[in-house]
């Protein structure tokens with residue numbers, strides 16, 4: 001096992017699958033980081049999504065109201081903050097990515113951006129698109145004839161597969177999603193209904209990714225979307241930070257030396273939360289504090305971030321963990337090394353939580369503000385209360401934030417849920433009621 005920045009007590013919590021808040025000792029350090037993205041790429045991704053907006057509006061009627069923009073609301077919980085997190089100071093917002101149009105999860109921006117990057121490059125190579133062309137021309141028979149020769153594939157536990165599969169099929173590509181054993185049946189069915197080929201694997205997420213990558217490499221017309229090492233995905237996710245900045249301003253939220261921002265991001269292999277955290281740090285610097293959130297049975301990003309630059313991330317299996325969690329979108333055994341290296345000095349820490357605590361938050365979201373999410377999406381709501389524990393207080397003290405918490409803004413990122421079938425959500429809610437005794 002490679003060296004890890006973990007105490008004996010922290011390792012014991014991992015092995016026992018008990019919740020903890022791990023603080024990143026490499027946060028805001030100046031060491032060289034491998035594969036550091038460029039901030040210019042963030043604005044290039046936003047510009048690309050703007051160029052494609054007229055086409056997206058045609059392909060997906062639900063985007064007509066937003067002019068082709070794929071974005072979610074920022075929900076102010078107002079006086080309900082203490083109901084979500086006891087002792088929470090400041091304002092608590094919910095970032096409603098569970099309602100993102102087209103794909104219904106946080107993966108929508110990144111996955112769709114990646115497919116659009118490939119389509120744009122291919123269209124220009126084939127003479128279908130000039131720099132100043134109206135991108136609606138890519139909805140033509142000529143464009144679809146070109147795209148149909150290519151297969152776009154991805155390995156996924158579900159949500160990334162939805163965004164890649166739906167976008168690829170809409171443009172006319174052949175689309176394949178390699179899905180791990182823990183993927184939900186309704187997600188597989190939704191893809192099949194859109195004309196996407198679903199390839200099921202009995203093993204976990206890592207095996208599905210490896211199989212998808214190998215198949216694409218053997219196909220001269222194959223394009224594999226690699227959630228573990230894709231700058232296009234990463235920057236598509238990072239665009240959320242630019243949108244959030246405008247939403248906070250509209251809500252009267254300030255982010256500066258006197259008004260810290262805390263953001264709690266559910267994490268699987270790391271691409272989506274890593275991209276968002278990168279974008280936020282580029283905009284707000286040391287005034288934003290980003291925490292990843294993971295199930296106790298799948299703390300792969302904690303282990304990845306606890307390593308050192310260029311180290312291969314440690315698998316959760318080395319700590320005797322089974323990845324047995326109902327938070328299927330976070331059920332990943334090994335983190336992305338690329339994402340860990342790109343964000344290693346940007347992440348404040350990682351916290352872990354039991355499935356039972358996710359269900360309690362799922363119930364609170366429904367009972368208090370009639371918001372329906374997947375269990376994995378509820379984990380972000382646990383963030384504010386963790387700052388009240390010993391590790392949280394140590395973080396606030398180390399960064400001289402104790403006296404500023406009344407001015408703080410907290411954002412719990414809700415990552416998926418709007419596409420969950422009614423009967424599936426009812427099962428979630430029934431279990432949540434049983435756990436809470438409601």
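Each value in this text was obtained by applying a stated rule to the coordinates, not by laboratory testing. As the structure is a prediction and not an experimental result, all values here were calculated from the model. Every residue, glycine as well, gets a Cβ built from its backbone with ideal geometry; the counts of neighbours run over all protein chains shown.
Quick rundown of the values:
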| item | result |
| --- | --- |
| Projected label distance in nm at residue 64 and residue 367, using a 7 Å step from Cα toward the beta-carbon | 4.0 |
| Segment residue 132-residue 40, length gained on full extension (0.36 nm per residue, minus Cα span) | 31.1 nm |
| Cβ crowding within 10 Å averaged over residues, with 216-224, 312-320 ranked highest first | 312-320, 216-224 |
| Fluctuation leader among 300, 381, 117 - the chain, Gaussian network, Cα springs under 10 angstrom | 117 |
| Hull volume in cubic angstrom per residue (convex hull over the Cα atoms of segment 278-387) | 113 |
| Computed E for residue 287/residue 50 - FRET, C-beta separation, R0 41 angstrom, nearest 0.05 | 0.90 |
| Residues residue 3 and residue 402, FRET efficiency given R0 of 30 Å [Cβ-Cβ distance, rounded to 0.05] | 0.40 |
| Distance in nm between pseudo-label sites at residue 149 and residue 250 (7 Å out along the Cβ direction from Cα) | 4.3 |
| GNM flexibility winner over the chain from 198, 269, 288 (Cα, springs under 10 Å) | 198 |
| Efficiency of FRET between residue 310 and residue 142 - r from beta-carbon atoms, R0 56 angstrom, step 0.05 | 0.80 |
| Gyration tensor (Cα) of segment 238-308, equivalent ellipsoid semi-axes in angstrom | 25, 12, 11 |
| Difference of contour (0.36 nm per residue) and Cα-Cα distance, residue 229 to residue 18 | 73.0 nm |
| Length gained when the stretch residue 356-residue 318 is fully extended (0.36 nm per residue, less Cα-Cα span) | 11.3 nm |
